[in-house]
Amino acid sequence: MDQKRKNPLKIQDNTLRDGHQSLLATRMRTEDMIPLAEKMDDIGFWAVEVWGGATFDTMHRFLNEDPWERPKILKRYIKKTPFSMLLRGQNLVGYRNYPDDVAKAFVDKACEVGIDIFRIFDALNDLRNFQPCMDRVKANGKKVEASICYSLTERRLGGDVYNLAYFEKKAIELESMGADTICIKDMAGIMSPYDAYAVVTALKKVITVPLHIHTHYTSGMASMTYLKAIEAGVDIVDTCLAPFALRSSQPAVEPLVVTLQGTPRDTGLDLNKLLAAGDLLEEIAPKYKDFLATNRMSVIDTGVLAHQVPGGMISNLVSQLKEMKALHRLAEVHAEIPITRKEAGTVPLVTPTSQIVGVQAVMNVLFGKYKVITNQFRDLVYGLYGQTATPIDPEIRKIVLKKYKRGQTPIEGRPADYLEPELEKAREKIGALARTEEDLLTYAIYPTTGEQFLKQKYGVE
């Protein structure tokens, strides 16, 4: 093979974070990652994702593990491969925007405990929500992977909002802000193969940093999507070891490695090492089987091809409707979601906007249009999450903000500029219970459950 033509595809492994978050409600314990860790380090991944997303919440709330310990422990076993984390911009690892003092302190501490690459995204693709975190990552000498949430205006790429020009503009701006890599983050698995080819081809012409594609297998298109993205010249893709792949997780790494063998994009990864790691994971996995969804025969959700609602959002809607004894109205909610989304400024459906739009759509179906309005939906319309892709319908805005505590005129500036610093207030409130800066940040991000966790950690109750 002509070595000059060789352009190996790089692979980020998501088994230890997004894999079990997607399939097993983020319940994998650190102790079960340790046997796998040394095998993973030997494979030659571009990075392994070990933290961020829902791990911080689940670890302190359900596993009684200190989230800050996981990267430190895994660093003892994974010494060569960089650690990646998913950071929700100004939302950090929580569900609201935090002020700059909390955001900066969190990033500094995350760098200290071992995170090397920060995949930063914002639910609204509002680039103002990236800056404080990006600045701190760079100041610590770590890498920024700036992400654009992939969303669609219609079933395929195009239309008046989410078109090629939209993604090109965001990518150019993020590179100019200092991104080391750009990621297209397709959280719902709705990127189709030929659209992936078009996006990658277009972005490779306008940015110079490596391009990374992240998708989910939810719709069944993901492996085909990767293949077309690879043909178009994408630099990095996300995969999982087979036991934690497919369904609503990422494509499996093993078939992709074999597919590319002997081609200019050959990954160079050793299939036997991957198989050995997969076998070990098969031994560990059964203890988590009760978290695996077994309500359907199909391992893909063909419904997402039509309604484009992410899998996690669907399960939230189902449990909410069950509680309200209204599960028979799920089809109406599916029909209402695109309407509510458009009225709320055509936002991408990703945490936390997917929950905000989803819950409001449920309210609209059960109680009538905007008869019951959630506080989070009011915050979104007011501008506290950032700038929406399209303007919010003025009539809807008037109804939603009518009794809003902050006022009826939405803000236009960067949301965090309207937030008071919180870290020192949190320090005063929690007092001696927070024995380290890590404890303080846990409490600052999750005041109620964080305090409960710290009491358990130090045997206060």
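Points worth noting:
- Index of the failed condition, Lys205 passing every other in (1) over 19 Å from Gly158 (Cα atoms); (2) more than 17 Å from the chain's Cα centre (by Cα): (1)
- Residues in region 354-387 that are over 21 Å from Thr409 (Cα atoms) and of a type in the set (Val, Ile, Thr): Val359, Val362, Val365.
- If you filter region 432-446 down to residues that are assigned to a helix (DSSP H, G or I) and more than 15 Å from Pro67 (Cβ to Cβ), you find that the one that is farthest from the chain's Cα centre (by Cα) is Ala432.
- Taking residues in region 418-440 that are among the small types (Gly, Ala, Ser), and partners anywhere that are part of a helix (DSSP H, G or I), the pairs with Cβ atoms closer than 6 Å and at least 6 places apart or on different chains are Ala426/Tyr443; Ala426/Ala444; Ala434/Leu440; Ala434/Tyr443.
- Taking the criterion of being touching a His at 6+ places or on another chain (Cβ under 8 Å) and surrounded by fewer than 24 Cβ atoms within 10 Å (Cβ to Cβ), the residues of region 12-55 that qualify are Thr26, Arg27.
- All positions within region 141-157 that are surrounded by fewer than 15 Cβ atoms within 10 Å (Cβ to Cβ) and either modelled with pLDDT of 95 or more or touching a Ser or Thr at 6+ places or on another chain (Cβ under 7 Å) (or both): Gly141, Arg156
- Residues that are over 19 Å from Ala110 (Cβ atoms), surrounded by fewer than 18 Cβ atoms within 10 Å (Cβ to Cβ) and either polar (S, T, N, Q) or touching a Gly at 6+ places or on another chain (Cβ under 6 Å) (or both) within region 411-461 comprise Ile411, Thr448, Thr449, Gln452, Gln456, listed in sequence order.
- Residues that are assigned to a loop (DSSP other than H, G, I, E, B) and of a type in the set (Lys, Arg) within region 347-399 comprise Lys369, Lys371, listed in sequence order.
- Residue in region 179-193 that is surrounded by fewer than 16 Cβ atoms within 10 Å (Cβ to Cβ) and either touching a residue at least 12 places away in the same chain (Cβ under 8 Å) or not assigned by TED's automatic domain parsing to the domain that holds Ala47 (or both) present: no
- Complete set of residues in region 20-29 that are part of a helix (DSSP H, G or I) and either among the hydrophobic types (A, V, I, L, M, F, W, C) or farther than 17 Å from Met313 by Cα (or both): Leu23, Leu24
The values are calculated or read from the model by the stated rules, or taken from the named source; none is laboratory data. Keep in mind that this is a model prediction, so the values were computed, not measured. Here the Cβ is made from the backbone with ideal geometry for all residues, glycine too, and neighbour counts use every protein chain on show.
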